[in-house]
Amino acid sequence: MFDVAKKTAGIYAADFVNHGMTIGIGSGSTVYWFIEELGKRVRQGLNVTAIATSHKTAQLATQAGITLTDLHAIDRLSLTIDGADEIDPQGQLIKGGGGALLQEKIVAAASDKLLIIADGSKLVECLGKFPLPVEVIPFAHKQVEHKIFNLNICKKMTLRQANGEIFVTDHHNYILDCECEKINDAYALNISLHLIPGVVETGLFIGMTDQSIIGYDDGRVEIIKYG
């Protein structure tokens, strides 16, 4: 339903990439269109180097002809372009539906600017309808689950599965998907979750987003700036 919107946002975002930049490339279905467009521009002579936030993104970028580098090789990134599962009016995000939240957050934190691309369905008044992913160490996942339930912030929690088996992230961790319905204080919740031993990272991206590019099915693009 949202393919046109996602493609519109992804292609538009490529205009933010300048010659000689080192950028972060996120994950997800909207980012796919950004990678496709960026690859076209690279083949036309654009010089850009990228850091991928997942194995899948790395494969797509390599296939598109985009040069990849390692995070250890750079001090800062000019820009990261990534997707989101939910975006609230303050630019707070839920991310991690694809399972790459840890690397996505590390790359975003190393960037001078975080640009989020999405279709209009991702805009929400309050975070929480999309289940909040929490990446956990496998050894501790049951204990973490109990402690999250004791916070009384979710009604249901699911250990993520894929193809009938426990989903394992690129960094060999598990993901607990927490159905919160409504997150009234994302900042406080993020801190509370990080205080639980065994939690590696959360899908709450707080105070990180500079702009969102929102695509719509009619070809319109909306740019939202934060801060």
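List the residue pairs whose Cβ atoms are under 8 Å apart, where the first residue sits in region 23-35 and is in contact (Cβ under 8 Å) with a residue 40 or more places away in the chain, the second is of a type in the set (Asp, Glu) and assigned to a helix (DSSP H, G or I), and the two are 6 or more positions apart or on different chains.
Short answer, once both residue conditions are applied: 26/104; 27/104.
Somewhere in region 143-160, is a residue modelled with pLDDT of 95 or more, over 17 Å from the mean Cα position of the chain (by Cα) and under 21 Å from residue 108 (Cβ atoms)?
No, region 143-160 has no match at all.
Keeping to region 67-89, report how many residues are out of contact with any Gly (no Cβ under 6 Å at 6 or more places or on another chain), of a type outside the set (S, T, N, Q) and either closer than 15 Å to residue 19 by Cβ or outside any strand (DSSP E or B) (or both).
Of the residues in region 67-89, 11 are out of contact with any Gly (no Cβ under 6 Å at 6 or more places or on another chain), of a type outside the set (S, T, N, Q) and either closer than 15 Å to residue 19 by Cβ or outside any strand (DSSP E or B) (or both).
Can you find, within region 53-70, the residue that is surrounded by the most Cβ atoms within 10 Å (Cβ to Cβ) among those that are over 18 Å from residue 99 (Cβ atoms) and touching a helix residue (DSSP H, G or I) at 6+ places or on another chain (Cβ under 7 Å)? Don't jump to the end; show me each part of the working.
Here is the first cut: in region 53-70, the residues over 18 Å from residue 99 (Cβ atoms) are 62-70.
Retained after the next criterion (residues that are touching a helix residue (DSSP H, G or I) at 6+ places or on another chain (Cβ under 7 Å)): 64-66, 68.
Values: 64: 20, 65: 12, 66: 23, 68: 13.
Out of the qualifying residues, it is 66.
Kindly provide the set of residues from region 70-96 that are among the acidic types (Asp, Glu) and over 15 Å from residue 28 (Cα atoms), ordered by number. Outline the logic, then answer.
Filtering region 70-96 down to residues among the acidic types (Asp, Glu) leaves 70, 75, 82, 85-86, 88.
Those that are among the acidic types (Asp, Glu) and over 15 Å from residue 28 (Cα atoms): 70, 75, 88.
Could you grab the pairs with beta carbons closer than 6 Å, sequence gap of 6+ or different chains, first residue in region 205-223 and crowded, with 22+ Cβ neighbours inside 10 Å, second one at pLDDT 95 or above and in a loop (DSSP other than H, G, I, E, B)?
The qualifying pairs are 205/95; 209/91; 209/226.
If the requirement is being touching a Phe, Trp or Tyr at 6+ places or on another chain (Cβ under 9 Å) and either free of Cβ contacts under 8 Å to residues at least 40 places away in the same chain or not assigned by TED's automatic domain parsing to the domain that holds residue 100 (or both), which of these qualifies: 166, 153? If you could, list the steps in order and put the result at the bottom.
On the way: 153 fails: touching a Phe, Trp or Tyr at 6+ places or on another chain (Cβ under 9 Å).
Selected residue: 166, the only one of 166, 153 that is touching a Phe, Trp or Tyr at 6+ places or on another chain (Cβ under 9 Å) and either free of Cβ contacts under 8 Å to residues at least 40 places away in the same chain or not assigned by TED's automatic domain parsing to the domain that holds residue 100 (or both).
Find the residue count for region 40-52, including only residues that are buried (at least 19 other Cβ atoms within 10 Å of the Cβ) and either under 26 Å from residue 169 (Cα atoms) or not assigned by TED's automatic domain parsing to the domain that holds residue 100 (or both).
So the answer is 3.
The values are calculated or read from the model by the stated rules, or taken from the named source; none is laboratory data. Keep in mind that this is a model prediction, so the values were computed, not measured. Neighbour counts are summed over all protein chains in view; Cβ atoms, including those assigned to glycine, are modelled from backbone coordinates with ideal geometry.
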